[in-house]
Amino acid sequence: MENMMQKLMVVGLMLGLAATARADIIIGDFSSDNDGWGLIGNAENPESRSMERVQKVDTTWALRLNYYPSSLDPLTYPGWAGIGTTWDPAGQVGVTQLTIPIDSASPWLVRVAASFQGKGEVWSGGIYWANGTYTFTKENFPEVTAEQFNQINGLRLFMDQGSIGGGGGGNPMWFQVYNVTLNGVVPEPASLGLLALGGLLLARRRSPRFTSL
């Protein structure tokens, strides 16, 4: 009995270690390609041109959006264009924050919207002249619960038609994003190994071959 209790305590410790392992869940680091991100069209001015490309900035990779407004008048509302992605949230638990490093050429209004399982898309508001690393938590999405925030499964970033500045004359509006991550609790390889060992211990204890007569 004492031996069985010791094994159960070891397994419990292993499960606890696995459950508390934290890691960044990469939504896109763009080190080789666009990681599933793509253009979100421009419904208001379909004749405008948008393009996205992966490029290296110093030692870091970025996904850049270029948007050429249809009008050469910099004061004309150019509609909107953006980039977005969706991912499978299976296996991710305890998500507490979304981190997005962004920079842009001018004070365009960059808007952020996220999709949540069972809730749909929710906007977090806009950022004028988006330059910096932005951290979004559940508080930025007051309409969602902590459980729904944990099941975040999509993201859109786009430049809004209300942007201001001089982007006409053929010069593109642009912004770029870098290593986009979620911070959460995920099983790490070492933790998965611990879980496997714990399962073996339990299986061994239950096996008839090791049952005392």
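What follows draws every value from the coordinates through simple rules; no lab data is involved. Not measured: the values here are computed from a predicted model. Cβ: placed from backbone, ideal geometry, glycine included. Neighbour counts: every protein chain shown.
Brief remarks follow.
- Sum of side-chain charges, residue 130 neighbourhood, beta-carbon under 11 Å (Lys, Arg +1; Asp, Glu -1): 0
- Other residues lying with their Cβ under 15 Å from the Cβ of residue 141 contribute a combined charge of 0, Lys and Arg counting +1, Asp and Glu -1.
- Amide H within-cut-off set for residue 181, under 5 Å, with H built and near neighbours excluded: 27, 99
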